[in-house]
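Here the structure is laid out as structure tokens; the discussion comes afterwards.
The values are calculated or read from the model by the stated rules, or taken from the named source; none is laboratory data. Since this is a predicted model, take the numbers as computed values, not measurements. With ideal geometry, Cβ positions are generated from the backbone for all residues, glycine too; neighbour counts draw on all protein chains shown.
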Amino acid sequence: MKIILPVAGKGTRLRPHTHTKAKSLVHVGGKTVLEHIVSRLTVLGADEYIFITDENGQQIEDFMAAKFPELSCSYVVQKERLGPAHAVALASPRIEQGDDVLVVFNDTIFVTDLERIDALCADCDGLIYSKEVEDYQRFGVNVVRGGYIVDMVEKPDTPVSKLAQVGLYYLKDGKGFIDSIEQTISAGETVKGEYYLPAVFMRMIGQGRKFRAPEIDAWLDCGKPETLLESNRYLLRGRHHAHGEVLNSVLIEPVHIEKGAVVRGSIIGPNVSVAAGSVIEESIIKDSIINADSTVRDMVLESSLLGDSVRLIGSPRRMNIGDHSLIEMEG
């Protein structure tokens, strides 16, 4: 198996956190988004991980070498931004006859049993993983009849289906899949100037290929600050890890304090992850993500997302307040 991971993209919805780093290297639930994804893929024993990168590609390469040195990885730079299907097509030189392929986009962390791929795909040509959602108007959806996908509709106005595509795709015939992408590109089948995978899959369905739409257990969006915090809450659920140095502090479960982080005289949690190298002093923090090498002192934070090497220092107040007083300190 070859696994294709398109990790290019500006991550504009996560700015300013993605001005200087790849969006898949933002922390959530005690790890980077990319580490969460790759750690879920290792059970497959893939022959090669093919990363489609941009100008931040060296960051991805360095991260994989440090965290997953045992994996065979290759890197291809996407110089033109012509859409998701175009990004996947750049892996073409690495895909050989007989390869099966898994495509994993990195805006979301998935929760599903990938070891069931062979069983799920026993009577079809591929799997377009899905998740039933109520706000189906925001997504491309799979229309299923008799267990197989018969149509794909982008952002439907009516509930023709609530099975949203989640950016996880398995193809038995990887070379045939790449060939179909190249045919779609040659035919100029674009949406607003970009090439998308639904047009490729519908071409393949028209040629007689069959796809199923298995549902994943959880779909964790990491593309925006608010959804990143939601995903942080989900990933910390039932976990409580304090690997760093915690002194004279109260930890309200669940929290994740990485090794190398220091917490002094603070109240941390619930739903807080603190990355290595960060120092938290005399602060109260809940429902937040603190990335690496940051300093927070004398602050009260809630629903906050701090990037790498941030210095956030407040000022303690001394007060002498009499009976029946009302003091409101907003902002």
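Computed quantities for the displayed model
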read-out: Positions within the stretch 219-233 being in contact (Cβ under 8 Å) with a residue 12 or more places away in the chain, farther than 21 Å from LEU114 by Cβ and touching a strand residue (DSSP E or B) at 6+ places or on another chain (Cβ under 6 Å), in sequence order; value: PRO225, LEU228, ASN232
read-out: Whichever residue in the stretch 227-242 is surrounded by 14 or more Cβ atoms within 10 Å (Cβ to Cβ) and not in a helix (DSSP H, G or I) and, among such residues, is modelled with the highest pLDDT; value: ALA242
read-out: Filter pass, GLY208 being in the same structural domain as VAL26 (by TED's automatic domain parsing), touching a Leu at 6+ places or on another chain (Cβ under 9 Å) and in a loop (DSSP other than H, G, I, E, B); value: no
read-out: In the stretch 95-136, the residues that are of a type in the set (Asp, Glu) and over 21 Å from THR227 (Cβ atoms); value: GLU96, ASP99, ASP100, ASP113, GLU115, ASP118, ASP123, ASP125
read-out: Matching residues in the stretch 178-195 - criterion: being among the acidic types (Asp, Glu) and part of a loop (DSSP other than H, G, I, E, B); value: GLU189
read-out: Criterion (touching a His at 6+ places or on another chain (Cβ under 7 Å) and under 25 Å from LEU220 (Cα atoms)) met by exactly one of ILE149, ILE117, ILE109; value: ILE109
read-out: Meets criteria (in contact (Cβ under 8 Å) with a residue 40 or more places away in the chain and surrounded by 17 or more Cβ atoms within 10 Å (Cβ to Cβ)) for SER249; value: no
read-out: Verdict on ASP100 being touching a helix residue (DSSP H, G or I) at 6+ places or on another chain (Cβ under 8 Å), under 28 Å from THR184 (Cα atoms) and not β-branched (Val, Ile, Thr); value: yes
read-out: Only one of SER249, SER283, SER266, SER273 that is within 25 Å of ALA22 (Cβ to Cβ) and of a type in the set (Ser, Thr, Tyr); value: SER273
read-out: Lone unmet requirement of (1) in the same structural domain as CYS124 (by TED's automatic domain parsing); (2) free of Cβ contacts under 8 Å to residues at least 40 places away in the same chain for ILE216; value: (2)
read-out: Segments classed as strands (runs of 3 or more DSSP E), wholly inside the stretch 67-169, with at least 2 members that are buried (at least 19 other Cβ atoms within 10 Å of the Cβ) and either outside the structural domain of ALA8 (by TED's automatic domain parsing) or in contact with a Cys (Cβ under 9 Å, 6 or more places away or on another chain) (or both); value: 108-111
read-out: Output for the stretch 1-20, where each listed residue is surrounded by 19 or more Cβ atoms within 10 Å (Cβ to Cβ) and either modelled with pLDDT under 95 or touching a Pro at 6+ places or on another chain (Cβ under 7 Å) (or both); value: PRO6, VAL7, ALA8, GLY9, GLY11, LEU14, HIS17, THR18
read-out: Output for the stretch 68-80, where each listed residue is in contact with an Asp or Glu (Cβ under 8 Å, 6 or more places away or on another chain) and modelled with pLDDT under 95; value: VAL77, GLN78
read-out: Single condition ILE289 does not satisfy, out of (1) surrounded by fewer than 17 Cβ atoms within 10 Å (Cβ to Cβ); (2) part of a strand (DSSP E or B); (3) of a type outside the set (S, T, N, Q); value: (1)
read-out: Residue tally, condition free of Cβ contacts under 8 Å to residues at least 40 places away in the same chain, under 23 Å from GLU230 (Cα atoms) and either surrounded by fewer than 17 Cβ atoms within 10 Å (Cβ to Cβ) or outside the structural domain of SER249 (by TED's automatic domain parsing) (or both), over the stretch 294-308; value: 2
